[in-house]
Amino acid sequence: MLILAGNAAGPIYTVRTSAMEPTFLIGDHVLAPGGEHISDLRRGDVIAFHYPPDPEVVLIKRLIGLPGDHIRIMSGVLIVNSRRVSESYVQHSAGASVSPFFSNFPAYADKEPLVLPGARKMLDRYAASGELLIPEGGYFVLGDNRDYSSDSRSWGLLESSQIIGLVHEILSSDDPKTNVPRTDRVHVPVQRGSLK
């Protein structure tokens with residue numbers, strides 16, 4: 001994600017990776033004006049934030065874990081606070097080649113080469129009994145293209161100071177292969193989270 005432009009409504013970011021497919025496509029231009037109080041965010045919200053390993057980069061992901069939550073993934077199924085979560089927006093496209101760590105988080109972390117130091121620190125401090133306890137001040141995010149997303153599993157937790165705010169809308173979209181506007185992706189509101 002990079003800032004594309006600013007306007008009266010707030011910054012516009014352009015999606016550059018497939019990590020949030022099918023919700024967001026490469027070439028989508030999204031509005032994330034920020035300004036929400038951190039306590040107004042809820043599980044399942046799509047948020048923009050400064051990427052912890054490189055704060056100059058802005059990413060969008062789905063907010064999954066709030067302080068005090070217990071998170072695990074078993075056979076690709078998200079479990080939050082001991083409850084299986086139905087996620088109709090998630091895409092699993094790797095099939096049998098999916099990383100065991102990504103599909104069974106936090107298990108197999110010692111065998112996963114894509115785990116960066118921030119995630120190793122998170123796992124050492126907060127993973128126990130096959131789940132991750134989100135500490136006070138921590139936020140856990142995942143991409144909707146779950147098998148191919150670099151997210152909290154790879155680089156660790158977000159702090160509130162890194163969160164810009166909600167992604168409100170897909171303003172427009174351009175197919176990166178043809179540069180043709182996608183007319184079905186103009187002023188598409190982004191639904192608020194409803195994970196329980």
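The values are calculated or read from the model by the stated rules, or taken from the named source; none is laboratory data. It should be emphasised that the depicted structure is a prediction, and the values quoted were computed from it without experimental measurement. For neighbour counting, all protein chains shown are included, and Cβ atoms are generated from backbone atoms with ideal geometry for every residue, glycine included.
The table below gives the values:
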item	result
Single residue of S161, S154 found to be within 20 Å of A48 (Cβ to Cβ) and free of Cβ contacts under 8 Å to residues at least 24 places away in the same chain	S161
Counted residues, region 133-148 - those being touching a Phe, Trp or Tyr at 6+ places or on another chain (Cβ under 8 Å) and part of a loop (DSSP other than H, G, I, E, B)	3
Total residues in region 147-195, condition at pLDDT below 95, among the charged types (D, E, K, R) and closer than 30 Å to R120 by Cβ	1
Considering residues of region 93-135 that are over 20 Å from the mean Cα position of the chain (by Cα) and of a type in the set (D, E) only, the residue nearest to D54 (Cα to Cα)	D124
Complete set of residues in region 149-196 that are small (G, A, S), outside any helix (DSSP H, G or I) and touching a strand residue (DSSP E or B) at 6+ places or on another chain (Cβ under 6 Å)	S172, S173
Residues located in region 69-128, provided they are assigned to a helix (DSSP H, G or I), modelled with pLDDT of 90 or more and surrounded by fewer than 15 Cβ atoms within 10 Å (Cβ to Cβ)	P100, P117, K121, D124, R125
Index of the failed condition, I3 passing every other in (1) among the hydrophobic types (A, V, I, L, M, F, W, C); (2) farther than 28 Å from L133 by Cα; (3) modelled with pLDDT of 95 or more	(3)
Residue that is surrounded by the fewest Cβ atoms within 10 Å (Cβ to Cβ), among those in region 21-61 that are assigned to a loop (DSSP other than H, G, I, E, B) and basic (K, R)	R42
Members of region 19-41 that are farther than 30 Å from T183 by Cα and either polar (S, T, N, Q) or within 13 Å of the chain's Cα centre (by Cα) (or both)	S39
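Here is a yes/no grid of residues against (1) under 27 Å from A107 (Cβ atoms); (2) touching a Gly at 6+ places or on another chain (Cβ under 9 Å):
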{"position": "H37", "(1), (2)": "no, no"}
{"position": "D45", "(1), (2)": "yes, yes"}
{"position": "H50", "(1), (2)": "no, no"}
{"position": "E56", "(1), (2)": "no, no"}
{"position": "K61", "(1), (2)": "yes, yes"}
{"position": "G68", "(1), (2)": "yes, no"}
{"position": "G76", "(1), (2)": "yes, no"}
